[in-house]
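Trainee: Okay, here's the structure, questions in a sec.
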Amino acid sequence: MRISALCLTFAICPALAAAEPERYELDPEHTTVAFLVDHVGYAAVLGLFANVEGSFTYDTETQELGELRVTVNTGSVETMNDARDNHVRAGDFLAVDDHPQMVFTADGGTPETETTGQVSGDLTLLGETRPLTLDVTLNKAAEYPFGHGRFTLGLSARATLNRSDWGMTYGVANGLVGDEVTLLIETEAMRMQN
C-alpha cells in the first residue's frame, strides 16, 4: 500500500512541476488606481488614473506570481476639479510632459493565506525607482459569468508611500499637501487566451 502511494506521488509530481503559471492582463474597463492625500489637514483629496494597463503570470494552485508590470498614464489623473488636475499634471507634482508614465514591476510575492499576501516590487515615478510593497487580496477566481467569459481574478491592493521619496516635495514642508499617499487598487485580471 505504501509503495503504491509512493509510486503515485512520484507519478504526479513531474506533472505538477511541468505546470506553468498562466498569463493575465488587467481589464481596463474594470481597473482603478486611485490615491488619497491630505490637504492642509482638513480632508483627503481623492484622485484616480483613468488609463492603466498591465499583465502578470500567476499560478492559482501554488500562488506563484511573476513578470508583473503595471503602467499608468500620469496624464490621465483626475481629481474631479479641472484647476487642481492641471496643477497635479504640472511640474510641482507629476510633471507629465517629462514623465508620461508611472510603472510598477515585481517578480514574486509572499502569500500569507489562500487569499492574501504581499507583493514587493519597484515603482518608477518622476524618473526615480524606489521599492514599494502592496498588500493584496484575491477576492474571487472564476470564469466570468457574462461578456468575455474568460477565467478572471478579482484583486484588491493597498499601499502607502511618501511622495517625497520620489522627489515630489511640493507642499510637504509647509503642510499644504501631505507627504504620505495611500494607494487603492481594484482590478479584474483576465486570463490571456492562447
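Any read-out appearing in this document is the output of simple, stated calculations on the displayed coordinates, not a laboratory observation. Not measured: the values here are computed from a predicted model. Neighbour counts are summed over all protein chains in view; Cβ atoms, including those assigned to glycine, are modelled from backbone coordinates with ideal geometry.
Trainee: Suppose every K and R has +1 on its Cβ and every D and E has -1 on its Cβ; what is the size of the dipole of the chain about the Cα centre, in Debye to the nearest 20?
Mentor: In debye, rounded to 20, the chain gives about 320.
Trainee: Something else: Apply the Karplus parameterisation 6.51 cos²θ - 1.76 cosθ + 1.60, with θ equal to phi minus 60°, to every residue of the stretch 80-91 and state each ³J(HN,Hα) to the nearest whole Hz, in sequence, with x for glycine and proline.
Mentor: Taking θ as phi minus 60°, the curve returns 6, 8, 4, 5, 5, 4, 5, 5, 5, 6, 7, x Hz for the stretch 80-91.
Trainee: Only loop residues by DSSP count here, and only those with at most 10 other Cβ atoms within 10 Å; note down the chymotrypsin sites (Phe, Trp or Tyr not before Pro) in the stretch 142-194 that meet that.
Mentor: When the chymotrypsin sites (Phe, Trp or Tyr not before Pro) of the stretch 142-194 are filtered for loop state and at most 10 Cβ neighbours within 10 Å, Phe146 remain.
Trainee: Which of Val96, Thr124, Thr160 sits farthest toward the positive end of the charge dipole of the stretch 21-191, with +1 on the Cβ of Lys and Arg and -1 on the Cβ of Asp and Glu?
Mentor: After comparing all options, I get Val96.
Trainee: Starting from the Kirkwood radius over alpha-carbon pairs of the chain, derive D by Stokes-Einstein at 25 °C in a medium of 0.890 mPa s and give it in µm² s⁻¹.
Mentor: Value of D from the Cα-based Kirkwood radius: 132 µm²/s.
Trainee: A follow-up question, please. What is the gain in length, in nm to one decimal, between Asp97 and Glu114 on full extension, counting 0.36 nm per residue of separation less the C-alpha to C-alpha distance?
Mentor: In short, 2.0 nm is gained.
Trainee: Still on this structure, please answer the following. Give, in nm to one decimal, the length gained when the segment between Ala173 and Val40 is fully stretched (0.36 nm per residue of separation minus the Cα-Cα distance).
Mentor: 46.7 nm
Trainee: Once phi is turned into θ = phi - 60°, what whole-Hz ³J(HN,Hα) does the Karplus curve with 6.51, -1.76 and 1.60 give for every residue of the stretch 157-162, x standing for Gly and Pro?
Mentor: Rounded to whole hertz, the list is 9, 9, 7, 10, 8, 9.
Trainee: Around Thr152, with a cut-off of 10 angstrom between Cβ atoms, what is the net charge of the other residues, counting Lys and Arg +1 and Asp and Glu -1?
Mentor: 0
Trainee: Whole-Hz ³J(HN,Hα) for each residue in the stretch 54-67, computed from phi via Karplus 6.51 cos²θ - 1.76 cosθ + 1.60 with θ = phi - 60°, x for glycine and proline: what do you get?
Mentor: Per-residue couplings from phi come out as x, 7, 6, 10, 7, 10, 5, 7, 9, 6, 6, 10, x, 6 Hz.
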